[in-house]
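These notes concern the structure reproduced below.
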Amino acid sequence: MPRYSYRAYGATGRLEIGEVSAGSRAGALEALAARRFVPVEIDERAPGREEKWWQREVMGGGRLSTPHLAMFTRELASLVKAELPIDEALRIAAAQPALPARVKRIDEALLVAVREGRSFSDALAAEKGAFPEFYWRLVKAGEAGGSLAAVLEDLAQLLDRTAEARAQTGTALVYPAVLVVAAIVAAGVITGLLLPAIMPIFEDAGATPPAFLRALAAAHDGFASWWPVLAGLAALLAAGFLAARSNSETRAAIDRAVLHLPAVGRFVRERETARFARTFAVLVRNGVPALDAVTIAAGAARNRAYRASLAAAADEMRQGASLSQPLMRSGLYPDLFLRLAVIGEETGHLDVMHLRAAEIYEASQARQLKRITTLITPVLTLLIGLVVGGLVLSVMGAILSVDELVLK
(Lines give C-alpha, C1' and ligand atoms only; values in the text may rest on other atoms or scores of the structure.)
Protein backbone atom coordinates (compact mmCIF):
# COMPACT_ATOMS: atom_id res chain seq x y z
CA MET A 1 0.00 0.00 0.00
CA PRO A 2 1.37 3.47 -0.84
CA ARG A 3 2.63 5.68 1.96
CA TYR A 4 2.08 9.45 2.11
CA SER A 5 4.27 11.88 4.01
CA TYR A 6 2.38 14.80 5.51
CA ARG A 7 2.71 18.01 7.47
CA ALA A 8 -0.48 18.89 9.28
CA TYR A 9 -1.75 20.90 12.24
CA GLY A 10 -3.18 18.80 15.04
CA ALA A 11 -6.09 19.55 17.32
CA THR A 12 -3.82 21.55 19.65
CA GLY A 13 -2.44 23.65 16.78
CA ARG A 14 0.93 21.89 16.82
CA LEU A 15 2.56 21.13 13.47
CA GLU A 16 2.79 17.35 13.08
CA ILE A 17 5.06 15.58 10.58
CA GLY A 18 4.70 11.91 9.71
CA GLU A 19 3.48 9.25 7.30
CA VAL A 20 0.22 7.49 6.69
CA SER A 21 -0.65 4.40 4.60
CA ALA A 22 -3.61 4.73 2.25
CA GLY A 23 -4.80 3.40 -1.09
CA SER A 24 -4.98 6.89 -2.60
CA ARG A 25 -4.38 10.56 -1.85
CA ALA A 26 -8.06 10.95 -0.98
CA GLY A 27 -7.79 8.03 1.44
CA ALA A 28 -4.78 9.66 3.09
CA LEU A 29 -6.75 12.91 3.50
CA GLU A 30 -9.64 10.98 5.07
CA ALA A 31 -7.25 9.24 7.48
CA LEU A 32 -5.84 12.60 8.56
CA ALA A 33 -9.33 14.09 8.92
CA ALA A 34 -10.30 11.18 11.17
CA ARG A 35 -7.40 12.13 13.44
CA ARG A 36 -8.60 15.77 13.41
CA PHE A 37 -5.50 16.86 11.46
CA VAL A 38 -5.57 19.82 9.08
CA PRO A 39 -3.05 18.97 6.33
CA VAL A 40 -0.63 21.58 5.01
CA GLU A 41 1.32 19.31 2.64
CA ILE A 42 0.81 15.70 1.62
CA ASP A 43 2.95 13.79 -0.88
CA GLU A 44 3.23 10.17 -1.89
CA ARG A 45 6.59 8.69 -0.97
CA ALA A 46 8.42 7.17 -3.90
CA PRO A 47 9.83 3.66 -3.36
CA GLY A 48 13.36 3.76 -1.99
CA ARG A 49 13.00 7.25 -0.53
CA GLU A 50 13.32 5.98 3.02
CA GLU A 51 16.09 7.67 4.92
CA LYS A 52 19.27 5.58 5.02
CA TRP A 53 21.01 4.96 8.34
CA TRP A 54 24.02 7.07 7.36
CA GLN A 55 21.72 10.02 6.58
CA ARG A 56 20.15 10.06 10.04
CA GLU A 57 21.33 12.47 12.69
CA VAL A 58 23.22 10.79 15.49
CA MET A 59 23.18 13.78 17.83
CA GLY A 60 20.02 15.78 17.44
CA GLY A 61 20.01 17.83 20.61
CA GLY A 62 21.95 20.79 21.91
CA ARG A 63 23.00 24.00 20.22
CA LEU A 64 23.02 24.23 16.45
CA SER A 65 26.50 24.14 14.95
CA THR A 66 27.89 27.47 13.82
CA PRO A 67 27.89 26.60 10.07
CA HIS A 68 24.26 25.40 10.23
CA LEU A 69 23.20 28.43 12.25
CA ALA A 70 24.98 30.74 9.80
CA MET A 71 23.26 29.06 6.84
CA PHE A 72 19.84 29.36 8.46
CA THR A 73 20.41 33.00 9.44
CA ARG A 74 21.69 33.95 5.99
CA GLU A 75 18.61 32.42 4.37
CA LEU A 76 16.25 34.23 6.75
CA ALA A 77 18.12 37.53 6.36
CA SER A 78 17.74 37.50 2.59
CA LEU A 79 14.02 36.69 2.82
CA VAL A 80 13.23 39.28 5.52
CA LYS A 81 15.27 41.86 3.62
CA ALA A 82 12.92 41.25 0.68
CA GLU A 83 10.12 42.48 3.02
CA LEU A 84 8.53 39.08 3.56
CA PRO A 85 6.72 38.51 6.88
CA ILE A 86 8.71 36.35 9.28
CA ASP A 87 6.23 33.46 9.10
CA GLU A 88 6.43 33.41 5.30
CA ALA A 89 10.23 33.62 5.47
CA LEU A 90 10.31 30.64 7.85
CA ARG A 91 7.99 28.67 5.58
CA ILE A 92 10.16 29.29 2.52
CA ALA A 93 13.37 28.56 4.44
CA ALA A 94 11.98 25.21 5.59
CA ALA A 95 11.51 24.20 1.95
CA GLN A 96 15.17 24.77 1.05
CA PRO A 97 16.81 21.39 0.27
CA ALA A 98 20.25 22.57 1.43
CA LEU A 99 19.16 22.96 5.06
CA PRO A 100 20.00 19.96 7.30
CA ALA A 101 17.11 17.91 8.64
CA ARG A 102 17.43 19.17 12.22
CA VAL A 103 17.49 22.81 11.09
CA LYS A 104 14.30 22.18 9.10
CA ARG A 105 12.59 20.66 12.12
CA ILE A 106 13.54 23.65 14.26
CA ASP A 107 12.41 26.00 11.49
CA GLU A 108 9.01 24.29 11.38
CA ALA A 109 8.67 24.51 15.18
CA LEU A 110 9.48 28.23 14.98
CA LEU A 111 6.87 28.65 12.26
CA VAL A 112 4.21 27.03 14.44
CA ALA A 113 5.12 29.26 17.40
CA VAL A 114 5.03 32.42 15.28
CA ARG A 115 1.66 31.50 13.77
CA GLU A 116 0.34 30.93 17.29
CA GLY A 117 1.08 34.60 18.02
CA ARG A 118 4.46 34.42 19.74
CA SER A 119 7.25 36.77 18.73
CA PHE A 120 10.13 35.37 16.71
CA SER A 121 12.62 36.09 19.51
CA ASP A 122 10.46 34.29 22.10
CA ALA A 123 10.17 31.31 19.77
CA LEU A 124 13.95 31.23 19.39
CA ALA A 125 14.50 31.43 23.15
CA ALA A 126 12.08 28.53 23.70
CA GLU A 127 14.00 26.16 21.43
CA LYS A 128 15.83 24.34 24.25
CA GLY A 129 19.19 26.02 23.83
CA ALA A 130 19.44 25.50 20.07
CA PHE A 131 20.19 29.22 19.70
CA PRO A 132 22.76 31.08 21.85
CA GLU A 133 21.48 33.85 24.10
CA PHE A 134 23.10 36.66 22.14
CA TYR A 135 21.26 35.42 19.03
CA TRP A 136 17.71 35.70 20.29
CA ARG A 137 18.45 38.84 22.31
CA LEU A 138 19.69 40.54 19.15
CA VAL A 139 16.56 39.42 17.34
CA LYS A 140 14.48 40.83 20.19
CA ALA A 141 16.26 44.19 19.85
CA GLY A 142 15.67 44.12 16.09
CA GLU A 143 11.97 43.44 16.58
CA ALA A 144 11.68 46.32 19.05
CA GLY A 145 13.52 48.73 16.74
CA GLY A 146 11.90 47.57 13.50
CA SER A 147 15.27 46.52 12.06
CA LEU A 148 14.97 42.73 12.02
CA ALA A 149 16.45 42.42 8.52
CA ALA A 150 19.56 44.42 9.50
CA VAL A 151 19.96 42.41 12.70
CA LEU A 152 19.74 39.10 10.85
CA GLU A 153 22.30 40.38 8.34
CA ASP A 154 24.68 41.32 11.18
CA LEU A 155 24.13 37.94 12.83
CA ALA A 156 24.84 36.13 9.56
CA GLN A 157 28.10 38.03 9.11
CA LEU A 158 29.13 37.36 12.72
CA LEU A 159 28.42 33.65 12.40
CA ASP A 160 30.10 33.45 8.98
CA ARG A 161 33.27 34.96 10.43
CA THR A 162 33.23 32.55 13.36
CA ALA A 163 32.68 29.55 11.09
CA GLU A 164 35.41 30.74 8.72
CA ALA A 165 37.91 31.13 11.56
CA ARG A 166 37.20 27.62 12.81
CA ALA A 167 37.42 26.20 9.28
CA GLN A 168 40.79 27.88 8.74
CA THR A 169 42.11 26.40 11.98
CA GLY A 170 40.86 22.95 11.06
CA THR A 171 42.27 23.16 7.53
CA ALA A 172 45.64 24.31 8.83
CA LEU A 173 45.87 21.27 11.09
CA VAL A 174 44.91 18.69 8.44
CA TYR A 175 48.34 18.30 6.82
CA PRO A 176 50.30 18.03 10.11
CA ALA A 177 47.75 15.47 11.34
CA VAL A 178 48.17 13.45 8.14
CA LEU A 179 51.95 13.49 8.60
CA VAL A 180 51.70 12.26 12.18
CA VAL A 181 49.24 9.48 11.27
CA ALA A 182 51.44 8.39 8.34
CA ALA A 183 54.47 8.25 10.64
CA ILE A 184 52.58 6.18 13.22
CA VAL A 185 51.39 3.76 10.53
CA ALA A 186 54.90 3.43 9.07
CA ALA A 187 56.44 2.81 12.50
CA GLY A 188 53.70 0.28 13.27
CA VAL A 189 54.35 -1.64 10.04
CA ILE A 190 58.09 -1.73 10.69
CA THR A 191 57.85 -2.81 14.32
CA GLY A 192 54.80 -5.06 13.89
CA LEU A 193 55.64 -6.87 10.64
CA LEU A 194 59.29 -6.53 9.66
CA LEU A 195 60.81 -6.78 13.13
CA PRO A 196 59.18 -10.13 14.11
CA ALA A 197 60.37 -11.60 10.79
CA ILE A 198 64.01 -10.53 11.28
CA MET A 199 64.65 -11.25 14.97
CA PRO A 200 64.30 -15.09 14.74
CA ILE A 201 67.10 -15.18 12.14
CA PHE A 202 69.54 -13.68 14.64
CA GLU A 203 68.37 -16.11 17.32
CA ASP A 204 68.81 -19.11 15.01
CA ALA A 205 72.30 -17.96 14.06
CA GLY A 206 73.24 -17.34 17.69
CA ALA A 207 74.14 -13.72 16.92
CA THR A 208 73.26 -10.64 18.90
CA PRO A 209 70.86 -8.25 17.11
CA PRO A 210 71.77 -4.54 16.89
CA ALA A 211 70.97 -2.55 20.04
CA PHE A 212 68.30 -0.48 18.33
CA LEU A 213 66.46 -3.59 17.14
CA ARG A 214 66.70 -5.12 20.63
CA ALA A 215 65.10 -1.99 22.09
CA LEU A 216 62.31 -2.06 19.51
CA ALA A 217 61.71 -5.75 20.11
CA ALA A 218 61.54 -5.21 23.88
CA ALA A 219 59.04 -2.36 23.40
CA HIS A 220 56.98 -4.51 21.03
CA ASP A 221 56.93 -7.49 23.41
CA GLY A 222 56.10 -5.25 26.36
CA PHE A 223 53.17 -3.70 24.54
CA ALA A 224 51.92 -7.12 23.42
CA SER A 225 52.04 -8.40 27.01
CA TRP A 226 50.72 -5.34 28.81
CA TRP A 227 48.30 -3.83 26.32
CA PRO A 228 45.21 -4.50 28.50
CA VAL A 229 46.85 -2.62 31.39
CA LEU A 230 47.94 0.19 29.06
CA ALA A 231 44.44 0.40 27.57
CA GLY A 232 42.97 0.58 31.07
CA LEU A 233 45.36 3.36 32.05
CA ALA A 234 44.48 5.26 28.88
CA ALA A 235 40.77 4.88 29.68
CA LEU A 236 41.36 6.12 33.24
CA LEU A 237 43.31 9.12 31.95
CA ALA A 238 40.54 9.92 29.47
CA ALA A 239 37.90 9.63 32.19
CA GLY A 240 39.94 11.84 34.50
CA PHE A 241 40.37 14.40 31.76
CA LEU A 242 36.61 14.46 31.04
CA ALA A 243 35.86 14.72 34.78
CA ALA A 244 38.28 17.62 35.10
CA ARG A 245 36.64 19.38 32.17
CA SER A 246 33.20 18.95 33.70
CA ASN A 247 34.34 20.43 37.03
CA SER A 248 33.95 24.20 36.82
CA GLU A 249 36.78 25.04 39.24
CA THR A 250 39.25 22.70 37.54
CA ARG A 251 38.22 23.95 34.12
CA ALA A 252 38.70 27.55 35.25
CA ALA A 253 42.17 26.74 36.60
CA ILE A 254 43.11 25.06 33.31
CA ASP A 255 41.82 28.02 31.32
CA ARG A 256 43.88 30.43 33.43
CA ALA A 257 46.99 28.26 33.03
CA VAL A 258 46.56 28.19 29.25
CA LEU A 259 46.83 31.98 29.15
CA HIS A 260 50.40 31.78 30.51
CA LEU A 261 51.70 29.26 27.97
CA PRO A 262 54.26 30.58 25.46
CA ALA A 263 52.73 31.46 22.07
CA VAL A 264 49.48 29.62 22.91
CA GLY A 265 48.58 32.13 25.63
CA ARG A 266 48.86 35.07 23.25
CA PHE A 267 46.79 33.25 20.64
CA VAL A 268 44.00 32.52 23.15
CA ARG A 269 44.06 36.10 24.50
CA GLU A 270 43.65 37.60 21.05
CA ARG A 271 40.98 35.07 20.10
CA GLU A 272 38.88 35.83 23.18
CA THR A 273 39.39 39.58 22.76
CA ALA A 274 38.29 39.46 19.12
CA ARG A 275 35.24 37.33 19.95
CA PHE A 276 34.13 39.66 22.74
CA ALA A 277 34.78 42.83 20.72
CA ARG A 278 32.80 41.68 17.69
CA THR A 279 29.88 40.26 19.68
CA PHE A 280 29.70 43.38 21.86
CA ALA A 281 29.88 45.68 18.81
CA VAL A 282 27.08 43.87 17.00
CA LEU A 283 24.87 43.96 20.10
CA VAL A 284 25.44 47.67 20.80
CA ARG A 285 25.02 48.64 17.15
CA ASN A 286 21.59 47.05 17.13
CA GLY A 287 20.29 48.84 20.19
CA VAL A 288 21.20 46.53 23.07
CA PRO A 289 22.30 48.55 26.14
CA ALA A 290 26.03 48.31 26.91
CA LEU A 291 25.45 46.56 30.26
CA ASP A 292 23.23 43.90 28.70
CA ALA A 293 25.68 43.56 25.79
CA VAL A 294 28.56 42.80 28.18
CA THR A 295 26.46 40.23 30.05
CA ILE A 296 25.42 38.51 26.83
CA ALA A 297 28.92 38.62 25.32
CA ALA A 298 30.30 37.00 28.50
CA GLY A 299 28.26 33.91 27.66
CA ALA A 300 29.94 33.71 24.26
CA ALA A 301 33.46 33.55 25.80
CA ARG A 302 35.05 30.11 25.80
CA ASN A 303 37.82 30.76 28.29
CA ARG A 304 36.48 30.80 31.85
CA ALA A 305 38.89 33.53 32.93
CA TYR A 306 37.49 35.88 30.29
CA ARG A 307 33.94 34.90 31.17
CA ALA A 308 34.61 35.75 34.82
CA SER A 309 36.26 39.07 33.93
CA LEU A 310 33.27 40.14 31.84
CA ALA A 311 30.82 39.09 34.56
CA ALA A 312 32.80 41.18 37.06
CA ALA A 313 32.84 44.11 34.63
CA ALA A 314 29.05 43.88 34.31
CA ASP A 315 28.70 43.97 38.11
CA GLU A 316 30.81 47.13 38.30
CA MET A 317 28.88 48.72 35.43
CA ARG A 318 25.66 48.22 37.41
CA GLN A 319 27.24 50.38 40.10
CA GLY A 320 28.08 53.14 37.64
CA ALA A 321 31.59 52.20 36.48
CA SER A 322 32.72 52.31 32.87
CA LEU A 323 33.52 49.17 30.88
CA SER A 324 37.20 49.86 30.26
CA GLN A 325 38.25 50.25 33.92
CA PRO A 326 37.40 46.72 35.17
CA LEU A 327 38.80 45.24 31.95
CA MET A 328 42.10 47.07 32.57
CA ARG A 329 42.30 45.72 36.12
CA SER A 330 41.73 42.16 34.93
CA GLY A 331 45.06 42.16 33.09
CA LEU A 332 43.65 39.88 30.38
CA TYR A 333 43.13 42.29 27.50
CA PRO A 334 45.77 43.75 25.12
CA ASP A 335 46.69 47.42 25.51
CA LEU A 336 45.50 48.36 22.01
CA PHE A 337 42.05 46.97 22.70
CA LEU A 338 41.82 48.86 25.97
CA ARG A 339 42.85 52.12 24.32
CA LEU A 340 40.20 51.65 21.62
CA ALA A 341 37.60 50.85 24.30
CA VAL A 342 38.44 54.08 26.16
CA ILE A 343 38.17 56.08 22.92
CA GLY A 344 34.81 54.46 22.23
CA GLU A 345 33.52 55.48 25.65
CA GLU A 346 34.79 59.04 25.32
CA THR A 347 33.40 59.57 21.82
CA GLY A 348 30.19 57.59 22.22
CA HIS A 349 31.17 55.18 19.44
CA LEU A 350 31.50 51.95 21.39
CA ASP A 351 30.36 49.80 18.47
CA VAL A 352 32.77 51.37 15.97
CA MET A 353 35.82 51.08 18.22
CA HIS A 354 35.08 47.53 19.32
CA LEU A 355 34.44 46.49 15.73
CA ARG A 356 37.80 47.99 14.76
CA ALA A 357 39.47 46.07 17.60
CA ALA A 358 37.82 42.84 16.42
CA GLU A 359 39.13 43.36 12.89
CA ILE A 360 42.67 44.03 14.16
CA TYR A 361 42.84 40.92 16.33
CA GLU A 362 41.10 38.69 13.80
CA ALA A 363 43.75 39.71 11.24
CA SER A 364 46.46 39.04 13.83
CA GLN A 365 44.99 35.60 14.49
CA ALA A 366 45.06 34.79 10.77
CA ARG A 367 48.72 35.86 10.53
CA GLN A 368 49.71 33.82 13.59
CA LEU A 369 47.90 30.75 12.30
CA LYS A 370 49.59 31.06 8.91
CA ARG A 371 52.99 31.50 10.57
CA ILE A 372 52.48 28.49 12.82
CA THR A 373 51.37 26.21 9.99
CA THR A 374 54.23 27.46 7.79
CA LEU A 375 56.74 26.51 10.49
CA ILE A 376 55.15 23.33 11.80
CA THR A 377 54.93 21.54 8.46
CA PRO A 378 58.70 21.44 7.67
CA VAL A 379 59.55 20.79 11.33
CA LEU A 380 57.17 17.83 11.49
CA THR A 381 58.40 16.57 8.12
CA LEU A 382 62.01 16.68 9.35
CA LEU A 383 61.24 14.97 12.68
CA ILE A 384 59.11 12.28 11.07
CA GLY A 385 61.76 11.73 8.41
CA LEU A 386 64.39 11.25 11.10
CA VAL A 387 62.25 8.79 13.08
CA VAL A 388 60.95 6.75 10.17
CA GLY A 389 64.24 7.02 8.30
CA GLY A 390 66.10 5.81 11.38
CA LEU A 391 63.78 2.82 11.65
CA VAL A 392 64.18 1.97 7.98
CA LEU A 393 67.97 2.28 8.10
CA SER A 394 68.10 0.11 11.21
CA VAL A 395 65.98 -2.59 9.59
CA MET A 396 67.97 -2.41 6.35
CA GLY A 397 71.21 -2.70 8.33
CA ALA A 398 69.80 -5.73 10.13
CA ILE A 399 68.79 -7.32 6.82
CA LEU A 400 72.34 -6.83 5.47
CA SER A 401 73.81 -8.33 8.61
CA VAL A 402 71.46 -11.31 8.17
CA ASP A 403 72.93 -11.84 4.70
CA GLU A 404 76.40 -11.87 6.23
CA LEU A 405 75.28 -14.43 8.81
CA VAL A 406 73.89 -16.65 6.05
CA LEU A 407 77.15 -16.41 4.07
CA LYS A 408 79.12 -17.40 7.15
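Below, the figures for the structure above:
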item: For Glu270: the one exception among (1) of a type in the set (D, E, K, R); (2) over 25 Å from Leu152 (Cβ atoms); (3) surrounded by fewer than 19 Cβ atoms within 10 Å (Cβ to Cβ); result: (3)
item: Given (1) surrounded by 17 or more Cβ atoms within 10 Å (Cβ to Cβ); (2) at pLDDT below 90; (3) more than 23 Å from the chain's Cα centre (by Cα), index of the condition Leu382 fails; result: (1)
item: Residue selected from segment 324-367 under the condition aromatic (Phe, Trp, Tyr) and assigned to a helix (DSSP H, G or I), by the criterion farthest from Pro289 (Cα to Cα); result: Tyr361
item: Exclusive hit being at pLDDT below 90, in the same structural domain as Val284 (by TED's automatic domain parsing), in contact with a helix residue (DSSP H, G or I) (Cβ under 6 Å, 6 or more places away or on another chain) and at negative phi, set Ala366, Ala398; result: Ala398
item: Filter result (touching a residue at least 60 places away in the same chain (Cβ under 8 Å), farther than 26 Å from Val268 by Cβ and not in a helix (DSSP H, G or I)) within segment 121-168; result: Lys128, Ala130, Ser147
item: Breaking point among (1) free of Cβ contacts under 8 Å to residues at least 24 places away in the same chain; (2) closer than 27 Å to His260 by Cβ; (3) buried (at least 16 other Cβ atoms within 10 Å of the Cβ); (4) out of contact with any Gly (no Cβ under 9 Å at 6 or more places or on another chain), for Gln365; result: (1)
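The values are calculated or read from the model by the stated rules, or taken from the named source; none is laboratory data. All values derive from a computational prediction rather than experimental measurement. Methodologically, a virtual Cβ is constructed for each residue, glycine included, from the backbone with ideal geometry; neighbour enumeration extends over all protein chains shown.
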